[in-house]
Amino acid sequence: MDFSTPIENIPRVGPVMRKRLRTLGIKTVLDLLFYFPSRYEDFSNLIPISDVKINEVCTVQGRILEIKTTRTWKRKMFITEAIIEDKTGAIKSTWFGQPYLSKILKKDDPVFISGKVVVGNNEAYLSNPIYEKTYSQADDIETINSNKLTHTGRIIPIYSEAKGLSSRWLRSNLKFILASSNGKLPETLPEKIIAEQKLLDINRALWEIHFPSSFEKVGKAKERFSFEELFYIELFVLRERAKLNKEKAHSIPFNLDLIKELVSLLPFRLTDGQRKSAYQILKDIEKSRPMNRLLQGDVGSGKTVVAAIAALNAIKAGRQAAFMAPTEILAKQHFQEIAKLLGNFNLNIGLLTGKQDQFRSKKLKNDIVEISRKKLLEKTLKAEIDILIGTHALIQDKVKFGKLGLVILDEQHRFGVEQRAKLVRGSKLIPHLLSMTATPIPRTLALTIYGDLDLSLIDELPKGRKKIITEVVEPEDRTKTYGFIKREVENGRQIFVICPRIEKPDAEKEYLSGWSEAKAVKEEYEKLSKTIFPALKVGILHGKMTSKEKEKTMLDFKNKKIQILVSTSVVEVGIDVPNATVMMIEGAERFGLAQLHQFRGRVGRGEYQSYCLLFTDSSSQKTKQRLKALITCENGFQLAEKDLEIRGPGDFSGTRQWGIPDLMMDSLKDIRLVEKTREIAKEILIEDPYLKKYPILQAKISRFRESIHME
Ligand code: ADP
Ligand code: MG
C-alpha cells in the first residue's frame, strides 16, 4: 500500500467521507494512521451474562433473542430494546434515540455488547452499549481472540469526532488498513535506536496506539511517537546550531567605560537581572561567531534598556543595529524610548514602518526630522543611521545595511535565523541576534524548539512596583464593577477593556466553535459608550483599523483624551500607559495564561494601585483552575509552566509551527524524555554531522524547515 494515497482511494471512502475527513485534516492514508485516539474505553472485561454486576462496565457475547424499537409517549424518543442470551442467562440492552439499530441488529444475530450495567424500573440492563456483530461460531468465551474484535471486548479507541464521522467509522477503517497484509510502513527511526531504547517499531506502535492489547502498551506506543517527534526537533535544532557556530561575525569589543557612562545616565538603577543579562550579551557579542540569544523577562522587567546597552556598544564599535518590533505602535514606542535612553550619545536613529510618510530620523538631541523612505534607505546603506527601528518592513529586499552588527527582535518568536539571513544578504559576516520575549518559555520547550538559542533571564521586576490586584468577577457583580470603573475614571485614572474578537461570528460558526457569548469588541464599545458610560470618553482599538487610526487612538489614550479603551489583543505587547489602573478582560477563558499575564502587565506601571478584573462565561473546572492560577501567581514563568500543565503547550507561540500532534504534546512535559532525545540526537550528529547515513532523518528535518518557512 502506498501511504501517501489519497484517502478516498480506500474502499468505503466516498466523496462525502472524504470531505468530512478533510475537516479533521486527514487527506492521505498516512494522515489517517496518524490520527491518534484522544482517549480509550476499557471493554476488555468479557464475562458470562450470569456474572454481570450492577454499575460495572463489561462485555457479553450472545445471541439476540428479540429486538424492538418503540417511541415514548411523552418525549417522543425512540427506544430500542434487545434481549441478549448466552448459555448462562439473558440481559436487556437499551439504546436511546437510535431507531436504525433495529435494522442493523436482527433476531438470532450473534453479537458482542459492551457497556455499563444500570438499574431502572427494577431491572438491570446495559445502557446505550456499543455493539459488534460477529459471525464467529465459537460459543466459548475463552477461545475468542479479542484481536478479531474492533468495537467491543477490548480496550477501544475513542477519537475526536467530526460531524458525520464517528469513532466507530474511524475504528473500522483503521482496522482495515492496519490489518491489510501489505499495510506495513517502513521504519522511520534508526534500528539501532529502537533496539537500544527498547522502543516499539513503527507498525507495532501504530497497532497498539489504535487497538492496544493493554494500557501499558498504549504507554509504550505513545513513548515511541513522542520520542520520535522530540528526536527530530532536537536533531533539527542541534544541526542549526552547529551550522551557526561555523559562521563568522564581527567581534564587538566590550567597552566598559561607555557602558558605565550609559548606566550612570539612566534615571533608575538597573536590577541585578538586567545587569547580568546585559553582561552576558556583551560578553557574547565579543566573540567572532554570531550570538543567538533569547532575552526572557516578564512584562515590565525592563528589557528595552538591556537591548539599548547592547546596541550602544555595537554602534560605538562601528556597527549598526536593527531593532524589529511586532507592530507599528510598538516600533514607534521603541523609537521614542531608545531615543530617550541613548539621547546623550549623538546617534542617528531611524524609524521605518509600512507607510511612505512615516519615515523619520532622529538626529542629535530632540530633533526629529521626517525624511523620505528613499533617503532613509540610502543613509542606512551608507551606515549613517546607527539604529534602524521598524516593523517587518526591515526585512524587505530594499533595506540594506552598510555595517549591520546586531539584530534585536522584540516579541517575534517566528523570526530568527532565517530572518537574520535576510538582513545580511550577501555579507560574509553574520550579525549577532538578540531576541526578546516576555512570553515565558518552560524549560522543556526551551530545550527543544528554542534549543538553538542561548538564554538570558531577567527574573525580577524593578523595585517599588505595586502589586496588581487580580480578581475573577462573578456575573452578578458586573454592575458593581462598572461603578468601580466609573470612580476610577473620576479619580483621573484610565481603563483597558479587552475583548476576544472583533465581530460577532455567524450563527453556525458560533455554534461550532462553542463561543456562545463572544464579546465582540464593537458591540462592547457600543454598549459601554452609549449605555453604561455615556458621560465618559470611550475609544476602540482593533486589528482591522488602519495603522494610522490605531496610532491615533493609542496616542489619544496616552494623552488622556480617551478614558476607557475597548480593545482586542492588539494592546497585548509593550504599550506603556502608566496612568491606566484597570485591566478588565472579557471572555478571559479564551486567552492563554501567559497572554492574560501580558494584559495584566499593561497596568500597574505607575504609582497607583492597579487591578486586573477577569470576566468569564465559562463555568468549567479547567477555566476556574487556570484563572485561579493567575490570581495566586504573579510570576510569568510559573504561569507558563501551569498553562503547560493544564492546557498543553499548543498555546505557546512557536509550538504550532512544528506540527506536533496533540497526543505528543504530553511528551513536551516530560523533561526526562526531552533530555534523553537531546543526548541521542547529539550522538548521532557527532557520528554523522550531515546525516548522510540517515536519509529518512534528513527528510524529516527538512519538513521542519519547510514548516518554518510557511509561517
Ligand atoms: P519590558 O521588559 O516589558 O519591555 P520595558 O523595557 O518597556 O519593559 O520597561 C518597562 C518600564 O520600566 C519602562 O518605563 C522603563 O523605563 C522602566 N524601567 C526599566 N528598567 C528599570 C529599572 N531598573 N528601574 C525602574 N524602572 C525601570
Ligand atoms: Mg518591551
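Read-outs throughout are calculated quantities, based only on the coordinates presented, and are distinct from any laboratory measurement. As the structure is a computational prediction, the values presented were derived from the model and not from experiment. Cβ coordinates were reconstructed from backbone atoms using ideal geometry, including for glycine residues, and neighbour counts include every protein chain displayed.
Using only alpha carbons, the stretch 546-596 has a radius of gyration to Kirkwood radius ratio (Rg to Rh) of 0.97. Ranked by the mean number of other Cβ atoms within 10 Å per residue, highest first, peptides 88-95, 611-618, 65-72 order as 611-618, 88-95, 65-72. Spin-label pair Ile47-Asn491: with each label point 7 Å from Cα along the Cα-Cβ axis, the two points sit 6.5 nm from one another. Spin-label model, Ile686/Lys133: points 7 Å from Cα along the beta carbon direction are separated by 6.1 nm. Remark: the stretch 455-467, residue by residue, has Karplus-estimated 3J(HN,Hα) of 10, 10, 10, 9, 9, 8, 8, x, 5, x, 7, 6, 5 Hz, where x stands for each Gly or Pro and the curve is 6.51 cos²θ - 1.76 cosθ + 1.60 at θ = phi - 60°. Overall, the stretch 44-153 carries a charge dipole of about 760 debye about its Cα centre when +1 sits on the Cβ of Lys and Arg and -1 on the Cβ of Asp and Glu, all other atoms neutral. Subtracting the Cα-Cα distance of Glu123 and Arg39 from 0.36 nm times their residue separation leaves 27.2 nm of extension gain.
Taking label points 7 Å from Cα along the Cα-to-Cβ direction, Met545 and Glu191 give a separation of 6.5 nm.
With R₀ fixed at 56 Å, the C-beta to C-beta distance from Leu536 to Gln396 puts the FRET efficiency at about 0.85.
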